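Student: My structure is below; once you've seen it, I'll send some questions.
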Amino acid sequence: MVLLVCVAIFALGQFHRASGGVFTPILMDRFALSAATVGGLVSAMFFATIAAQVPFGVALDRIGPRIVLSICILIIAFGTIIFAIADRYDAVLLSRILIGVGLAAMGAATHVIIAQNFSAKDFGYISGMVVTLGGIGGLLGTYPLAFALDRLSWTTVFGFAGVVTFVLALAVWRAVQPGGATQSVQNQHQGQGGYLTLLTQPEFLKILALGAVSYAPITTMTGLWGGPYLQDVTQLSAEQAGGVLLLLFSATIAAGCVFGVLDRTAPSRRFVIGAAFSISALSLFVLATFAQPRPVTSISLLVVMVFCQQFYIPLGAHMRKTVPDDMIGRASTLLSLVSVAAIPIMQLGFGALLDASAQFGLTIQDQYRVAFLAMGVIILVMGAIYMTSRNINDET
């Protein structure tokens, strides 16, 4: 039951993050919104998530995931209902902010629940299963959502999503055990610091460094620049590019299972992580060498890159072994915060490199080659910092 709840929590977050590409054109027509305005609307959820993560991280350690998650999922449910019935732009904006606030605790709360209910040795494996099974939520937020909106009313589709979210809140309250860390652990570490303490630990900072380039490269390609690249450089149609992006998203789901198994069976977690980020960077370097790549070459290299970026799963398991039990909520929050905050930075930086390259007269193909090269270098640099950490392997 606990594992199913974790899967449902992850799926809920993936659904809301993936659905923007489907409902954005509908909102633009419905409320006559400009591209800039609707871009701000979609970003509102993202920034609300970042702003709310720190206090929720403290709450997870102090009162546990049962109360925090139940409240957060109820906030998402209310936000979804408002989204379903909104007839003005300000109501839609409010709904997206509420959903963003509710999503803030999801990743860290899942880590705390896994830590409470499974051994440290199984942390990465269970996390991988959650990513794999919960990925269905992201898939539901793409074509199935578009299919439903074509045949049912906006209010019906998102109203149903809101009701399902209320039911999930009840399931969380029933399945998740009350409290945070065990009382003995709380007493042992009581008063020994919080976020600032974590930020003074060199081993944890090395994990954060690599965390900054975990989600960002995936989202930069699947959520923004992958489509334009596939259409402008490899000459795919918009429909074909959309199919490739779905393939990339599916690769991340499959990788969750693979990395979860590797975290349990590989003799060295650090070797798995090091191999993964190195292959990811190498894929980008190879992609940067082609002036006019064949579509199959570009697609294959991008699939390898996004697949390997799921080293985030064993990286989370490394974090689990590095911090005390009563600080897992805050540690997970910081790792999630850095990983998520790096997304817009990399997306904007990628675009800035394209613009700067264009100013120097480079072709569109060469503009992307420069951006891929820079992304690969950043991954390698952050990976090199991480590789100076201790090689912690689980015995329990």
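Student: At a 10 angstrom cut-off on C-beta neighbours, averaged per residue, how do the peptides 225-235, 314-324 rank from highest to lowest?
Tutor: 314-324, 225-235
Student: How do ILE67, ILE207 stack up against each other in accessible area, from largest to smallest, with a 1.4 angstrom probe?
Tutor: Descending order: ILE67, ILE207.
Student: Binned at 5 Å from 0, what are the whole-percent values of the Cα-Cα distance distribution for segment 1-93, short to long?
Tutor: Calculated over all Cα pairs of segment 1-93, the distribution is 3, 11, 18, 24, 18, 12, 8, 4, 2, 0 percent.
Student: Could you work out the mean projected area of the convex hull around the alpha carbons of segment 208-353, in square nanometres to one decimal?
Tutor: Value for segment 208-353: 8.9 nm².
Student: Also: Taking segment 269-330, how much of its Cα-Cα pair set, in percent, is spaced more than 16 angstrom apart?
Tutor: 54 percent
Student: Using Cα springs under 10 Å in a Gaussian network model of the chain, which residue among SER119, SER278, SER153 shows the largest mean-square fluctuation?
Tutor: Result for the chain, Cα springs under 10 Å: SER153 fluctuates most.
Student: Based on the Cβ-Cβ distance from PHE160 to LEU93, what FRET efficiency comes out when R0 is 22 Å, to the nearest 0.05?
Tutor: Plugging the Cβ-Cβ distance into 1/(1 + (r/R0)^6) gives 0.50.
Student: Accessible area of the chain with a 1.4 Å probe: how many percent of it is carbon plus sulfur?
Tutor: Of all accessible area on the chain, carbon and sulfur atoms account for 69 percent.
Student: Among residues other than VAL323 whose Cβ falls under 14 Å from its Cβ, what is the net charge (Lys/Arg +1, Asp/Glu -1)?
Tutor: Net charge around VAL323: +1.
Student: Could you tell me, in Å, what Rg and Dmax come out for the Cα atoms of segment 229-294?
Tutor: 15.5, 44
Student: To the nearest µm²/s, what D does Stokes-Einstein give for the chain at 20 °C and 1.002 mPa s, using the Kirkwood radius over alpha carbon pairs as Rh?
Tutor: 99 µm²/s
Student: Residue separation times 0.36 nm, minus the C-alpha to C-alpha distance between ALA32 and THR265: what's the value?
Tutor: Taking ALA32 through THR265 to full extension adds about 78.5 nm, to one decimal.
Student: Ok, one more. As an exercise, identify the chymotrypsin sites (Phe, Trp or Tyr not before Pro) in segment 324-396 lying in DSSP coil whose Cβ has no more than 12 other Cβ atoms within 10 Å.
Tutor: PHE360
Student: Here is a follow-up. Per residue, how large is the accessible surface of the chain? Use a 1.4 angstrom probe and give square angstrom.
Tutor: The answer is 42 Å² per residue.
The values are calculated or read from the model by the stated rules, or taken from the named source; none is laboratory data. From a predicted model like this one, the values you see are computed outputs, not experimental measurements. A quick note on method: Cβ atoms are made from the backbone with ideal geometry, for glycine too, and the neighbour counts reach across all protein chains shown. Just the protein is used for accessible areas: all its heavy atoms, side chains included, with ligands, DNA and RNA removed. Shrake-Rupley method; radii C 1.70, N 1.55, O 1.52, S 1.80 Å.
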